[in-house]
Structure formats: C-alpha cells, structure tokens
Amino acid sequence: MRSAELSGVGSQGFSRVFGQVSPLTYAVALTAFIAASIFVTVDAFRTFEDIAERNALMQRLGAAQPLLSRQFVATVFDPVAAEVDDGAAYSGLAQRGGVAFGLALLFAVAAFRRRPVILPKSDVPYSDLLATIPFGIACWTADGRLIACNEQYRARLNAEPSDVRIGASYAASVRRFVQGGFMQLVTEDDRNRVLELHREDGTCLMIDERPLDGGGFVTLVTDVTETRRTDHLLTSIREEQKILARRYHEEKLRAEAASQSKTAFLAHLSHDIRTPLNHIIGFADLMRHETYGPLSDRYIEYVDSIRMSGERLLGFFASTLDLAELEGGRRVLNPVELDVDDLLMAVTKRFSAQAQRKGIALTLGAPALALIVADRFSLERMLGNVVDNAIRYTPPRGRVTLTAYAASDGVVLEVTDTGIGMSAERLATVSQPFAFGDAALTRDRDGAGLGLAIARTIVELSGGRLAIDSRPGLGTTVAVSLPLMDARAPAVDIAAE
C-alpha cells in the first residue's frame, strides 16, 4: 500500500493521470467507438437479414414445389456449401467489426498523443508563487498577452489596472510605460534581451526578457536607479579626479619653474650683492686701521658698526647663495672616507669658544668607532648649522651634546640641547627657508633662518634623513641618519643628476 502511494498508482494516482486528458480527447475517442459500434451493428443486422431471407426462400420453395425444390437443392444449392457460406458470413462480420473497433482505437490513441503533457496542478496558486520572487516578474503568451504577474511588477512600473489584468497587451503596456521617458537596448541574443527604461520621474528600470519553452516569454523587472546614480557619481568623481590631476600637474610644473627662477634669482642676487659688500667691509677695515690718517673715536665706532653690519649681510647672502646652489643642483659632493668621531670632535672644537662665551657646556658623547663615506665640507656645514642653532637658543648654564650611534646599516648623528624648545606648530615650519622662531625668545638671533633648511638639503643630497624632536621648555634633539656608502664610489655631481 505504501509503495502504491509512493508510485502514485492508487485510485488517486489513476484519477490524476486520467484527469490530465482533455475533454476533447474524450470526445474524439467516444465518437470513434460509437461510430465503430454503429457500423458493426448495421453490418450484423444486414448479414443476419441476408441469411434469414435465404432460408425463408428455401422453405417457401420447398412447400410450393417439393419436386422442384429437391431438384434445385440437388443441382444448385448444396446444403454443405450453404453451411460454409453462413460461417464465412459470420467470420466476415467479425473481421469487419474488429477492423472498425481497431480504427476507433487508433483514432483515440492519436487524439491522446496530440495532446501536450500537462503538469499536475499545484496546490499553491501561480500568483502566490510569483509573489515570493523579490523582483518584478510577468509571464506573457507568444502573442504578447499577459498571463500572470506579481505585486513587485505592478509597484516598480506603477502599472495601471488595465496593464496588469489577464490578457493585457505587452506592446500597449510598454508604450504607456515609456511616456515621458525613453527606452534603450542594452544587449540582445537568442536567449534574452535586456532593455533599460528611463522614466519621466528619474527612475531607471532594467527589463530582462527571456523566452519560455513552448512559446511565450517572461519579463523580469529590476529597479537599478540607485546603481545608475552611483555609476554616474563615480564617473563624475573620476572625471573630476582627472581634471584635478591635470591641474595639479600644471601647477606643479609652474611651481617647479617658479622655484627654479627663484633659485636662479637668489644666486644672481647674492653674487651681485656680495661683491660691493666685500668692498664696503674692506674699506671699513682700512679706515679702522687709520691707514690714511687718524679718525676720531666717534668715527671709529661708525666704522666698526659698518664693518659688523657688512659682515652680517655678507653671511646672510652667503647662506642664501649656498641654499640656492644646493637646491639648484649646482653643488658638487665629493664623498671621502670619514671618521665619525673625528668629524664630531672638529665641530666641537669649532664651537667651544662660542659656547664658553655664552656659559653653555658643549660636550661630546661616547665614541662611535664608525666610518662613513660622505662629503666632509658639507657634513661639517650641516652639523655647524645645527650646533649653532642649539647654542643660540639655549640659555646660559645649559648643555649641548653631540653624539653618534653606529648600526649595521648606517650612522645616526644627534645634537641635543636643553634650550627653549619648540611647539608642534613651530616644528612643522622650522626646516623651511627664512622661518624664524618667536621674536620674544630669539632677540639675539643674527642669522637668516636658513641654517636648518641648508642642513636638511645637505642630508637629503647625501642620501640620509633629518628628524627633529622638541618640547617647549625642555629642549630639542636633531637626529641625522646617514647610510653606509661604498668607499670606492666616485664623486657625485648633483648637477649631472
């Protein structure tokens, strides 16, 4: 019983199987069997009637003329042959009946085979099945008539009741949907066709048409408004990025050209001004020594002031020219093998007198016992600028320390002071040219604000990095990291680079 239920052969199974046959098939089969039955009935009636008439004729003849009847039977009508003819008549009747019912059966089978197989109806209505699909869907016949659709289809298209009723025309519905907007073809092949419907309210719908087996097609409707807006936004952003990148490149070229022009101008200006300044300083020295006659004490003070001012201006323009040459790539570095400890010792001796005059302790850290390959003059200039700033901005009884640390990949040079320190905002601009500190804290400065800028440029040209760590009131530490270079490396021409 269980197997019968599983296989569907029970009474309900047979009813489902025969329930699939259409009424037209039943009518054709019934008509064929009725026609065969009528034919067999008529044929049997005629056969029985012929046999009965022949027997009646023989009886009447025997009753009227016995002698003639016996002679006719003996000469014409053989009783044995008559029995054979009756059997042949019955056999022919049976054969014709079989042929008639066989033809009827063939007609019924042919009518049943022409009927397409219809799937058993589901307990769930098609409308409920379509309602479970998360996007708009509609089924159409081969001639474009609506079979069924879901609520998503109605909502996405804002369809009128006439557009979603069973039998509605697909072409008419599309014409109403496109009003005020436009539709464009995206892709089309043998299996599907994709369209984009841009409506008057700004929404964009993707319509995917797919054929169904046996005729008809299904329409899938998806709202891609947000996707298209995002695509347009990304496209606009990319275009703006391209424009900004082009403008940035143009501005960069202008800035580089302006920087080169500035560097060239500063170089020519420094050179042109240093020449008359040297004359002024020379004549001031000549007058101070009273070479061509004595001067009063007041004039001697004026001459000293002229000489000191000239020397300050000369140092200012010398620093400007050095920075212009370094940034312009016209300074040639000649790397040689250097002992780091000797380099720090030379810088310490150079600034020891200046530190003593200000009451600052200038000390040297532990030996690093390291060798590097670099331009000695440039490194001494770099360290001199850093130490000079440290002494200048450190109050009396302060301390400035020079230390070197050797590592496997390079050497770090540090200059630490206990001076006034700098804030984070000041650190952001301290390495920029002509950047000065707080005037209230640096009244005694006499530089051009180029010391750290020149030092950073020299370090970068030497392949290193310069970092500054400072806290207001606690002091500043300037660290310079230099890589280990090949001692056999030739001189580096910055202009060639």
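Can residue 254 be described as assigned by TED's automatic domain parsing to the domain that holds residue 155 and either more than 25 Å from residue 151 (Cα to Cα) or surrounded by 10 or more Cβ atoms within 10 Å (Cβ to Cβ) (or both)? Against the criterion (assigned by TED's automatic domain parsing to the domain that holds residue 155 and either more than 25 Å from residue 151 (Cα to Cα) or surrounded by 10 or more Cβ atoms within 10 Å (Cβ to Cβ) (or both)), residue 254 does not qualify.
Here residue 353 meets each of (1) touching a Leu at 6+ places or on another chain (Cβ under 8 Å); (2) among the aliphatic types (A, V, I, L, M); (3) at pLDDT 85 or above with one exception, condition (1). Of the residues 383, 362, 295, the single one that is surrounded by 14 or more Cβ atoms within 10 Å (Cβ to Cβ) and either modelled with pLDDT under 80 or basic (Lys, Arg) (or both) is 295.
Selection of segment 132-152 for residues being crowded, with 19+ Cβ neighbours inside 10 Å and closer than 12 Å to residue 165 by Cα yields 138, 140, 146, 149, 150. In summary, no helices (runs of 4 or more DSSP H) completely within segment 122-211 bear 3 or more residues that are more than 22 Å from residue 231 (Cα to Cα), of a type in the set (Phe, Trp, Tyr) and in contact with a Ser or Thr (Cβ under 8 Å, 6 or more places away or on another chain). Taken over segment 158-191, residues that are in contact with a Phe, Trp or Tyr (Cβ under 9 Å, 6 or more places away or on another chain), closer than 18 Å to residue 139 by Cβ and not hydrophobic (A, V, I, L, M, F, W, C) amount to 2. All of 175, 199, 165, 210 fail the test of being within 28 Å of residue 132 (Cα to Cα) and buried (at least 17 other Cβ atoms within 10 Å of the Cβ), apart from 199.
Looking only at segment 333-350, residues that are in a strand (DSSP E or B), more than 15 Å from residue 405 (Cα to Cα) and aliphatic (A, V, I, L, M) come to 2 in all.
Per-residue answers, yes or no, for (1) hydrophobic (A, V, I, L, M, F, W, C); (2) at pLDDT 75 or above:
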{"position": "102", "(1), (2)": "no, yes"}
{"position": "106", "(1), (2)": "yes, yes"}
{"position": "111", "(1), (2)": "yes, no"}
{"position": "118", "(1), (2)": "yes, no"}
{"position": "127", "(1), (2)": "no, no"}
{"position": "133", "(1), (2)": "yes, yes"}
{"position": "148", "(1), (2)": "yes, yes"}
{"position": "154", "(1), (2)": "no, yes"}
{"position": "160", "(1), (2)": "no, yes"}
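Scan segment 404-417 residue by residue and report those that are surrounded by fewer than 21 Cβ atoms within 10 Å (Cβ to Cβ) and either in contact with a Pro (Cβ under 8 Å, 6 or more places away or on another chain) or closer than 22 Å to residue 357 by Cα (or both).
409, 410, 416
The values are calculated or read from the model by the stated rules, or taken from the named source; none is laboratory data. None of the values given here were measured: they were computed from a predicted structure. Glycine also receives a Cβ, built like all others from the backbone with ideal geometry; neighbour counts cover every protein chain displayed.
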